[in-house]
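Heads up: the structure comes next, in structure tokens.
The values are calculated or read from the model by the stated rules, or taken from the named source; none is laboratory data. These numbers come from a predicted model, not from an experiment. Because the Cβ atoms are built from the backbone with ideal geometry, glycine has one as well, and the counts that use them run over all protein chains shown. With ligands, DNA and RNA removed, areas are computed over all heavy atoms of the protein, side chains included. Shrake-Rupley method; radii C 1.70, N 1.55, O 1.52, S 1.80 Å.
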Amino acid sequence: MLQVAFIRENKEDVIARLAKRNIDATEMINNAIVLDEERRALQTKLDSTKAESNGLSKEIGNLFKSGEAQKANLLKEKTTQLKETTKALEQELNDKADALKELLYKIPNVPNEIVPSGNTDEDNEEIYREGDIPTLHKGATPHWDLIKKYDIVDFELGNKITGAGFPVYKGKGARLQRALISYFLDKNTTAGYTEVQVPHLVNEASGYGTGQLPDKEGQMYHVTEDNLYLIPTAEVPATNIFRNTLLNESDLPIGLTGYTPCFRREAGNWGAHVRGLNRLHQFDKVEILRVEHPDKSYDALNGMVEHVKSILKELKLPYRILKLCGGDLGFTSALTYDFEVFSTAQDRWLEISSVSNFETFQANRLKLRFKNSDGKNELCHTLNGSSLALPRVLAGILENYQTENGIKIPEVLVPYTGFDMIS
RNA sequence: GGAGAAAUGGCAGAGUGGUCGAAUGCACUGGUCUUGAAAACCAGCGAGGGUCACACCUCCGGGGGUUCGAAUCCCUCUUUCUCCGCCA
């Protein structure tokens with residue numbers, strides 16, 4: 001959520017930068033400013049009314065104390081009128097504040113200056129590419145055939161137990177999955193991230209805190225009985241660790257990493273290109289998250305990008321990095337880099353990581369602040385990224401490491417799997 | 001699930017109808033001292049709104065009520081702790 005004061009002071013700039021998302025925010029921004037002005041006017045009016053009755057109450061107290069009960073009773077009558085005025089103003093003020101908040105919830109984050117304009121993922125800007133695309137042997141196949149051939153992931157079973165998009169990993173498939181999780185967590189903790197295990201269900205306040213609610217309500221599984229949501233990413237519980245928190249400047253930066261399953265309804269997203277492990281309702285992901293001083297968040301973002309690069313380099317997977325264009329940028333993000341691994345047998349790129357700086361957008365909703373050197377409370381910047389999303393890494397490994405004799409295991413993973421070949 | 005207790009500033013913890021935005025300690029900031037640091041001492045120090053700045057308003061878990069006046073009394077919800085029951 002953007003801060004009203006920021007909108008008020010940077011109106012033209014905010015509109016101009018939101019235009020990169022291909023939205024004309026002029027009306028929303030103007031409305032927000034007007035609502036805020038009206039809200040403040042009401043507040044002032046209410047304040048002075050209350051000041052008046054506070055003064056009277058004090059006077060009444062003094063009169064009673066000095067035994068002038070009659071005078072006091074006279075003043076009491078005066079307060080009745082004020083009470084009514086107060087009540088009416090309070091109601092008006094609440095309505096106004098709610099309307100403003102509702103509007104602010106609808107305004108996405110302001111893209112960073114360097115975000116390219118564009119409409120769809122086709123307009124994203126490739127900024128980096130690394131790794132050789134392997135020449136596959138004759139008869140090489142996409143991963144959905146490979147998992148069947150080697151019996152390591154079973155969609156039929158998942159169908160039986162739950163439904164489409166909930167696969168069962170078996171044998172070496174399950175072991176490889178676990179190896180990847182351990183390897184990622186080890187890489188992240190070595191890089192200074194503190195490992196956390198967080199709840200897989202979150203309450204409504206947490207959903208609002210990171211921006212999944214009210215915007216992306218339909219994307220999460222909702223347990224209505226208890227009004228809890230299954231997490232679509234560890235970002236939600238992990239970031240909400242810091243909801244309503246005031247940090248010391250010396251506490252920054254904070255880096256966390258955590259593994260969780262992720263649940264996504266993907267309503268309306270089911271169609272082409274979702275074969276095999278490409279898109280699931282439940283998948284595993286290791287996440288990294290940072291809380292940063294505003295001056296350092298973009299350095300931190302670059303650091304996260306370098307970190308993810310180092311993992312992919314070790315896995316020896318061909319990948320590229322995209323800077324997302326305005327049209328493809330997530331609601332809460334100011335700048336996002338997507339990592340895509342090349343799925344050789346499918347001849348297409350698969351997104352495996354998304355690294356974003358949210359600046360103060362989440363922190364404002366979360367009330368995540370730090371006491372700066374002037375003693376003032378200032379909003380932190382939050383960032384997060386995947387390191388990495390499991391199924392597509394798995395798909396990438398299966399397809400790129402396939403040989404006629406089976407699937408080779410990337411060298412760095414062998415200590416974790418205990419085997420170097422799936423055959 | 002049953003019985004009881006509790007929820008106060010960044011943290012800990014006093015405060016039971018007006019003079020309480022709230023004692024005290026820790027943390028934090030500035031200063032004295034020191035070559036420097038630590039310790040000690042002195043001073044400052046909750047948050048949000050509002051204002052050019054003051055004034056002023058709000059906030060003692062959430063919501064509602066009583067009262068001229070509520071951290072304090074009442075109702076309700078939530079959470080935590082203790083004891084009992086159940087249980088991975």
- Query: Which of the residues spanning the range A:64-80 are within 9 Å of RNA strand B (Cβ to nearest atom) and either among the polar types (S, T, N, Q) or open to solvent by less than 70 Å² (accessible area, probe 1.4 Å) (or both)?
  - Reply: A:72, A:73, A:75, A:79, A:80
- Among the residues of the range A:81-91, is any near RNA strand B (Cβ under 9 Å from one of its atoms), in contact with an Asp or Glu (Cβ under 8 Å, 6 or more places away or on another chain) and in contact (Cβ under 8 Å) with a residue 24 or more places away in the chain? yes
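Can you go through A:192, A:207, A:171, A:131 and tell me which one is open to solvent by less than 20 Å² (accessible area, probe 1.4 Å), in the same structural domain as residue A:304 (by TED's automatic domain parsing) and small (Gly, Ala, Ser)?
Values: A:192 fails: open to solvent by less than 20 Å² (accessible area, probe 1.4 Å); A:171 fails: open to solvent by less than 20 Å² (accessible area, probe 1.4 Å); A:131 fails: open to solvent by less than 20 Å² (accessible area, probe 1.4 Å).
Selected residue: A:207, the only one of A:192, A:207, A:171, A:131 that is open to solvent by less than 20 Å² (accessible area, probe 1.4 Å), in the same structural domain as residue A:304 (by TED's automatic domain parsing) and small (Gly, Ala, Ser).
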- Query: Restricting to helices (runs of 4 or more DSSP H) lying wholly in the range A:1-79: which have 2 or more residues that are of a type in the set (Val, Ile, Thr) and within 28 Å of residue A:120 (Cβ to Cβ)?
  - Reply: A:11-18, A:26-65
- Message: Can you tell me which of (1) within 16 Å of RNA strand B (Cβ to nearest atom); (2) more than 20 Å from the chain's Cα centre (by Cα); (3) modelled with pLDDT of 85 or more; (4) within 30 Å of residue A:156 (Cβ to Cβ) is the one residue A:229 doesn't meet?
- Response: (2)
- Only one of (1) in a helix (DSSP H, G or I); (2) hydrophobic (A, V, I, L, M, F, W, C); (3) under 32 Å from the mean Cα position of the chain (by Cα) does not apply to residue A:414, and that is (3)
- Only one of (1) within 8 Å of RNA strand B (Cβ to nearest atom); (2) among the hydrophobic types (A, V, I, L, M, F, W, C); (3) surrounded by 14 or more Cβ atoms within 10 Å (Cβ to Cβ); (4) free of Cβ contacts under 8 Å to residues at least 40 places away in the same chain fails for residue A:5. Which number is that? (3)
- Message: Any residue that is more than 8 Å from RNA strand B (Cβ to nearest atom), crowded, with 19+ Cβ neighbours inside 10 Å, free of Cβ contacts under 8 Å to residues at least 60 places away in the same chain and not polar (S, T, N, Q) - is there at least one of those in the range A:45-54?
- Response: no
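Those residues that are assigned to a loop (DSSP other than H, G, I, E, B) and modelled with pLDDT of 90 or more, I need them from the range A:248-264; list them, please.
Once the filter is applied, which keeps residues that are assigned to a loop (DSSP other than H, G, I, E, B) and modelled with pLDDT of 90 or more, the range A:248-264 yields A:253, A:264.
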